[in-house]
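S.K.: Questions regarding the structure given below will be posed in turn.
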Amino acid sequence: MPITNSRIKKIVNENQEFLSLLEELDRTGKMHKVRYKKRADFTVDEELLRKFRNYCKEHNINMSGIIENKIKEFLKENKK
């Protein structure tokens, strides 16, 4: 399969995250993580949040990790 300009553009668009990583490596000489955590700002019932926070604190559990896993489960179950 010949490499055309449109194919190159498609490959670049599909791999922008990795290309940025390589640019950063070239610029700084350091390899950084491909995925970074992003702070989310959304509302949750105050009492529910309080109970969840207390439970996680008592059991030494990372709140963000649980939420990430539940989001992944939700997306997997609702994949179209």
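The values are calculated or read from the model by the stated rules, or taken from the named source; none is laboratory data. It should be emphasised that the depicted structure is a prediction, and the values quoted were computed from it without experimental measurement. For neighbour counting, all protein chains shown are included, and Cβ atoms are generated from backbone atoms with ideal geometry for every residue, glycine included.
S.K.: In this structure, does GLU23 turn out to be exposed (fewer than 10 other Cβ atoms within 10 Å of the Cβ) and either charged (D, E, K, R) or modelled with pLDDT of 85 or more (or both)?
M.R.: Considered against the rule, which asks whether it is exposed (fewer than 10 other Cβ atoms within 10 Å of the Cβ) and either charged (D, E, K, R) or modelled with pLDDT of 85 or more (or both), GLU23 comes out as no.
S.K.: Quick one: in the stretch 1-28, which of the residues that are hydrophobic (A, V, I, L, M, F, W, C) and assigned to a helix (DSSP H, G or I) is farthest from the chain's Cα centre (by Cα)?
M.R.: Filtering first and then ranking leaves ILE8.
Here's the yes/no breakdown for (1) in contact with an Asp or Glu (Cβ under 8 Å, 6 or more places away or on another chain); (2) of a type outside the set (S, T, N, Q); (3) modelled with pLDDT of 95 or more:
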position	(1), (2), (3)
ILE8	no, yes, no
GLU17	no, yes, no
PHE42	no, yes, no
GLU47	no, yes, yes
ILE61	no, yes, no
SER64	no, no, no
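S.K.: Which condition does LYS79 not pass, out of (1) closer than 29 Å to VAL12 by Cα; (2) surrounded by 10 or more Cβ atoms within 10 Å (Cβ to Cβ), if it passes all the others?
M.R.: (2)
S.K.: Among the residues of the stretch 44-61, is there at least one that is surrounded by fewer than 10 Cβ atoms within 10 Å (Cβ to Cβ) and hydroxyl-bearing (Ser, Thr, Tyr)?
M.R.: Looking for residues that are surrounded by fewer than 10 Cβ atoms within 10 Å (Cβ to Cβ) and hydroxyl-bearing (Ser, Thr, Tyr), one finds none in the stretch 44-61, hence no.
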